[in-house]
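The values are calculated or read from the model by the stated rules, or taken from the named source; none is laboratory data. As the structure is a prediction and not an experimental result, all values here were calculated from the model. For accessibility, only protein heavy atoms count, side chains too; no ligands or nucleic acids. Shrake-Rupley method; radii C 1.70, N 1.55, O 1.52, S 1.80 Å.
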Amino acid sequence: MRVTSPLLLALLVLLLLPPPSQLRKAGQGRRLKVGRRLLRQDRVRGRGRQGRSGDSRHQVPECSEYSDSEDVFVDCQGRKLSSIPTALSWSRAPDHLLLARNRIRALHNGAFSGFEGLRSLDLQQNRISVLEEGVFLGLIKLTTLLLQHNRLGTLSEEALIPMPALRYLRLHDNPWSCRCTLDSLVRTLQVPSNRNLGNHARCAEPVALRGRKLRQVDPELLCLELEPPSDPPDPQDSTYPLQPIPIRGKPDATTSCHTYLFPTPRLDCRSRDLAEVPAEIPGDMVHMDLSQNSLRRLKARDFVEARSLRSLNLSNNNLEDMDTASLSGLLHLHELDLSNNRLHFFHFGVLEDLYFLSLLRLGGNPWVCDYSIHYLVYWLRLHPGVTYSGLLCHSPSELRGKSVEDYVHSYNRACSQTEHSQTEYGQTDPDLWVTSMELQEEREEMEPAHLRGPQKYHVTRLN
């Protein structure tokens, strides 16, 4: 019994153990769990390193890459980027890099290394306040640089020298400090051949130069102390060249709105609290959005400079009236949105220049169904290629909700019936015809003689 007992125990242990295959599977399962845990820890550590280093390459796949007329566009607009992605992030070297509406604060030297083939660079609507002199080194093919709507206070001419092909530079809506540090840039912008560089940029300080265009400010004033003194200046003191700031008229389209040049020129003036159409609309704009403003009236020649417009959005304003010549010059307009305004009718002739219009949105307006609305319906009948919507009667109350076209049709049908009955009545009783001259003659005969005017004519009936 003493010998067999250990043997029996060993046999029992062997019978209770699982097969070797199950042991292998259990070991594999444990190894997989450990591997997954380590992978998760590595990913977390990797994210932390990316967040601390400020590397935005993990956001690059969100950018869109496309081609248009053999040009390669990389669109990273509105991606919350805080730095410039590397040139190796895409399959092809881009010709146009769109980085508008991001969170970039500084442009350091070497930021555009590897982008030597760039021809346009859009950096507008960021938070750029620092721009180092060598940041654009190597961009010898760049023709268009958009830096408007940022926080730049100063910029040296040295930053522009590496771009010999630069022809189009936007710098407006930056708080430019018109002091000595801006001297070289101001002198460069004022060279006659640089007529498209920094056209609308204005001084933000000092107070004496606030509002002056960089292209018009006297460079000799930049290094003078122009802050107003505590005591009033002596009128005989010529060393204090304080000049009155000219009164500005209509808002300027370039400074009041956001301009996008790629893929097609577009002027975004949405929600800018505009009470009138801005002046100096660039002639190459193809799309213009003026929706969600406070426009009440369109004046004659408001869009006369915008001859290339294909679409115009004027929805969600307070438009009550459109001058007959307000759309004059828009010969190539295809789409017009006038929805959600306060329009009652169109003046005769307001649509006459819209030869190629194909889409017209009219909904959300209190259209009045009387004779003044007929012009719009007749114009639409003469232009069957125009797709329109939202043309419903708002008043009078008995016609509310009825189609304006149906109202005009019923109006014309009633008029034709009236004319027909009048014609029949005139044919059966010609003696009841009364001319305007006969009515005038009868009125004059009823007046007292001393009140009658000199007779201009005498009516003789020929039977």
Practice task
Post the alpha-carbon centroid distance, the stretch 103-172 to the stretch 305-344, in whole angstrom.
Solution key: 36
Practice task
With a 1.4 Å probe and every protein chain left in place, tell me how much accessible area Asp183 has, in Å² to the nearest 10.
Solution key: 40
Practice task
For the stretch 64-222, evaluate the Debye formula with one uniform point scatterer on each Cα (no solvent term) and list log10 I(q)/I(0) at q = 0.09, 0.12, 0.13 Å⁻¹, rounded to two decimals.
Solution key: -0.29, -0.51, -0.59
Fill in the blank from the handout: From highest to lowest solvent-accessible area (probe 1.4 Å; ligands, DNA and RNA excluded), Lys141, Lys213 read Lys141, Lys213
Practice task
Determine by what factor the alpha-carbon radius of gyration of the stretch 260-386 differs from 2.2 N^0.38 Å, reporting the quotient.
Solution key: 1.00
Exercise for the section: Could you please put Tyr168, Tyr388 in sequence from largest to smallest accessible area, using a 1.4 Å probe? Expected result: Tyr388, Tyr168
Handout entry: Where N is the number of residues in the stretch 344-415, Cα Rg divided by 2.2 N^0.38 Å
Key = 1.07
